[in-house]
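The values are calculated or read from the model by the stated rules, or taken from the named source; none is laboratory data. The shown structure was predicted, so the numbers you read here are calculated from the model rather than taken from an experiment. FYI the Cβ positions are ideal-geometry reconstructions off the backbone, even for glycines, and counts take in every protein chain you see. All accessible areas refer to the heavy atoms of the entire protein, side chains included, with ligands and DNA or RNA removed. Shrake-Rupley method; radii C 1.70, N 1.55, O 1.52, S 1.80 Å.
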Amino acid sequence: MSLYPSLEDMKVDHMVQAQVAANAAQQQQVPQLAAAPQPIPGAQEPIPGSEPAATPTLYPSLHEYMGLDLTNVPPEVQQQIVPVNTNNQVAVPNNTNRQVVAPVSGDAIGIRRAEVKQGIRMVILAKDNKNKLGLRVRNVNNGIFVQFVSANSAASMGGLRFGDQILQINGQNLAGLSTDKAMKLFKTATADRIELAVRDRPFERNITMQKNSDGNIGFVFKNGKVTHIVKDSSAARNGVLTEHNLVEVDGQNVVGMKDKDIGKIFEACGRTVTITIIPTFIFDHIMKHMASSLVKKQMDHSIPEI
């Protein structure tokens, strides 16, 4: 079973596969003649300039689909829209273990930047010359979660992101600890090497969408919170919900940013846009007692490397 970054990818894939199957069936019905038929004496000659009727298609052309402008699709994506193998698979994923088919999204870099990896990863940090990590955490449901990552800090360079769950510090379990006790462990840890066991952002989810011909994806946000969904938009089709806060856009952290600055990031994105969202009640709990001025001025908003 194939997986798709967005509903548009799935629909376009199904459309092309259905058209390919219909064309193959039609070709099998036409007898393959070894030689061109000889003209029949007395038969009427074809009218000059007349052409045989075009083969009907099951679906409209792709550039008309769902308001998407697919006429300027990059070559690497165009190769995925056209069948490329004998099994009529429309898009062949680079990583066969993931089985991701993306005839519209292609290899969009924002999808890879925003990816929430399954499993546990080890993060090794060292404090800076001020004996700081640039990290704050918060207890949520008896787990410890990243609340704040300072720009250009050890935590930022180590790849920690808002909403990551920290399971252990130097082999000590953090489950059940209060926010204060967890922060004390970070403050008293040795400066030269701190080993963390981390689970990627378990409360967050990624949604990939496609801009329409006007460059819109179809939702409204205020103070980083999704407030309205446009009917029949890519946001609506792909399951964006209100009462959720934006955490990342194409993998870039937007927590604490002004709405107009977030809007500029959306404008700079290509056709395919991936957002990372979190339920507002969880977001508010994580951000509780966090100074808004600190978040706005010092939160890490760098673009992650992949």
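Reported count of residues in the stretch 220-241, each being open to solvent by less than 30 Å² (accessible area, probe 1.4 Å) and assigned to a strand (DSSP E or B), is 1.
Residue count for the stretch 109-126 under the criterion of being open to solvent by less than 50 Å² (accessible area, probe 1.4 Å) and either of a type in the set (D, E) or more than 18 Å from V247 (Cβ to Cβ) (or both): the result is 4.
Going through the stretch 134-153 one residue at a time, which ones are among the aliphatic types (A, V, I, L, M) and surrounded by fewer than 20 Cβ atoms within 10 Å (Cβ to Cβ)?
V140, A151
For the residues A25, A21, A34, the requirement of being open to solvent by less than 50 Å² (accessible area, probe 1.4 Å) and either modelled with pLDDT of 80 or more or more than 21 Å from N238 (Cα to Cα) (or both) singles out A25. Selection of the stretch 189-209 for residues being surrounded by fewer than 17 Cβ atoms within 10 Å (Cβ to Cβ) and either touching a Cys at 6+ places or on another chain (Cβ under 7 Å) or assigned to a loop (DSSP other than H, G, I, E, B) (or both) yields T190, A191, D192, R193, P202. Of all residue pairs spaced 6 or more apart or on separate chains, none has beta-carbon atoms under 7 Å together with a first member in the stretch 113-126 that is of a type in the set (D, E, K, R) and at pLDDT 95 or above and a second member that is outside any loop (DSSP other than H, G, I, E, B) and open to solvent by 90 Å² or more (accessible area, probe 1.4 Å). On the stretch given as the stretch 242-268, residues that are β-branched (V, I, T), crowded, with 22+ Cβ neighbours inside 10 Å and not in a loop (DSSP other than H, G, I, E, B) total 2.
Hey, can you tell me all the residues within the stretch 158-180 that are within 24 Å of V295 (Cβ to Cβ) and surrounded by fewer than 20 Cβ atoms within 10 Å (Cβ to Cβ)? Scanning the stretch 158-180 gives G158, G159, L177, S178, T179, D180.
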